[in-house]
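The values are calculated or read from the model by the stated rules, or taken from the named source; none is laboratory data. Please read all numbers here as calculations on a predicted model, not as lab measurements. Note: ideal-geometry Cβ built from the backbone for every residue, glycine included; neighbour counts use all protein chains shown.
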Amino acid sequence: MSKVTLKEVVSAATLKLKEADVDSPAFSAQLLAEQVFKLDRLKMIMEINCVVESVAVEEFNALVERRAQGEPVAYILGEKEFYGINFLVGPGVLIPRPETEEIVELVLARFNKDESFYFADFGTGSGILAVTVAMFFPNARGIAMDLSPAALNIARKNARMHSVDDRLLFIQADFTSPVLKDEVFDLVLANPPYLSDSELYEISPEVAEFEPVSALVGGVAGDELILGSAPRIADSLKTDGCMFMEIGYLQRESALRIFGAIVSFAGNVDVLKDISNHDRIVVAEKK
């Protein structure tokens, strides 16, 4: 292989990904290059005209080919940043979204950093919410549930990686079933599958074809798991405890109806908008 510069390699990859019509082709090529050539973004700029080794180019091109087939960058790299923290991810879990970070903001606004409290994370996936909350609140303890053994395996690894595994208990369970004791938690976090069956065919193929359907679809109407988990959340919260749940942007009225029908939540339910001005987070307080 003739000598090529980093700029030539990345430019060729960007063109290939554009032709493959994947999301964010230039950014994808950059992230893969940073990984393979072991450069941060500043060094990428500084060394963009440097010649790169042929072995590394072959490795890079192999990853680019995977990306061209639609595989998400996060799965290729095996990690994704969430709230400024790196998390392990894999095909068994959803890739963290920026919208979910707003739940962390709500928790930070509600509790003092040194406060001691108990929380539950319904549908923990890769553990991003449970681990992040445990990191920011060193006196908090939590239980994180998911039905997927693959997801729980990744979540436990993330907890160990960030040294909070001694304060988190991960359990395989259906969060629509009464598996937790009543009135134990000060806080419940939830990010249930909330797409309807029909919406699955409207989203990006990169999501629908690679991310786990069981973590995306919440039934025919999409709100079945919201409905099933609401009474469990109400039972498990202490009086004056609260819940933050991520929902689909079309589910505001459904969520208000479901949680408003629960006596202990009635009159204390709201739906907040996300950074894109879409209805996204249900806030419910138990009185």
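Close Cβ contacts (under 7 Å, 6 or more residues apart or on different chains) running from residues in the range 264-287 that are surrounded by 15 or more Cβ atoms within 10 Å (Cβ to Cβ) to residues that are polar (S, T, N, Q) comprise Ala284/Asn268; Glu285/Asn268; Lys286/Thr239; Lys286/Ser264.
Of the candidates Ile226, Ile258, the single residue that is in a helix (DSSP H, G or I) and in contact with a strand residue (DSSP E or B) (Cβ under 8 Å, 6 or more places away or on another chain) is Ile226. Per the listing Pro91, Pro178, the residue uniquely under 25 Å from Glu285 (Cα atoms), out of contact with any strand residue (DSSP E or B) (no Cβ under 8 Å at 6 or more places or on another chain) and either in the same structural domain as Ser236 (by TED's automatic domain parsing) or not acidic (Asp, Glu) (or both) is Pro178. Selection within the range 1-25: residues that are exposed (fewer than 12 other Cβ atoms within 10 Å of the Cβ) and more than 30 Å from Glu209 (Cβ to Cβ). The member of this set that is modelled with the highest pLDDT is Lys3. Taking the criterion of being surrounded by fewer than 20 Cβ atoms within 10 Å (Cβ to Cβ), touching a residue at least 40 places away in the same chain (Cβ under 8 Å) and over 18 Å from Asp186 (Cβ atoms), the residues of the range 96-107 that qualify are Pro98, Glu99, Glu102.
Out of all the residues in the range 166-180, is one or more free of Cβ contacts under 8 Å to residues at least 24 places away in the same chain, small (Gly, Ala, Ser) and surrounded by fewer than 23 Cβ atoms within 10 Å (Cβ to Cβ)? No, there is no match, as no residue in the range 166-180 is free of Cβ contacts under 8 Å to residues at least 24 places away in the same chain, small (Gly, Ala, Ser) and surrounded by fewer than 23 Cβ atoms within 10 Å (Cβ to Cβ). For the range 108-133, the set of residues classified as surrounded by fewer than 24 Cβ atoms within 10 Å (Cβ to Cβ) and without any contact (Cβ under 8 Å) to a residue 60 or more places away in the chain consists of Leu108, Ala109, Asn112, Lys113, Asp114, Glu115, Ser116, listed by residue number. Only a single criterion out of (1) in contact (Cβ under 8 Å) with a residue 40 or more places away in the chain; (2) touching a Lys or Arg at 6+ places or on another chain (Cβ under 8 Å); (3) surrounded by fewer than 21 Cβ atoms within 10 Å (Cβ to Cβ) is not satisfied by Leu31, namely (2).
Taking (1) of a type in the set (S, T, N, Q); (2) at pLDDT below 95; (3) assigned to a helix (DSSP H, G or I) in turn, Ser28 satisfies each apart from (2).
Select, from Glu224, Glu211, Glu206, the only residue that is acidic (Asp, Glu) and without any contact (Cβ under 8 Å) to a residue 12 or more places away in the chain.
Glu224
In the set (1) surrounded by fewer than 17 Cβ atoms within 10 Å (Cβ to Cβ); (2) of a type outside the set (Lys, Arg); (3) more than 21 Å from Ala120 (Cα to Cα), the condition left unmet by Thr239 is number (3).
What do you reckon, is Lys38 within 16 Å of Arg66 (Cβ to Cβ) and among the charged types (D, E, K, R)? In short, no. A search for C-beta distances below 7 Å between a residue of the range 56-75 that is closer than 13 Å to Gln35 by Cβ and any residue that is aromatic (Phe, Trp, Tyr), counting only pairs 6+ apart in sequence or on different chains, returns Ala56/Phe37; Tyr75/Phe210.
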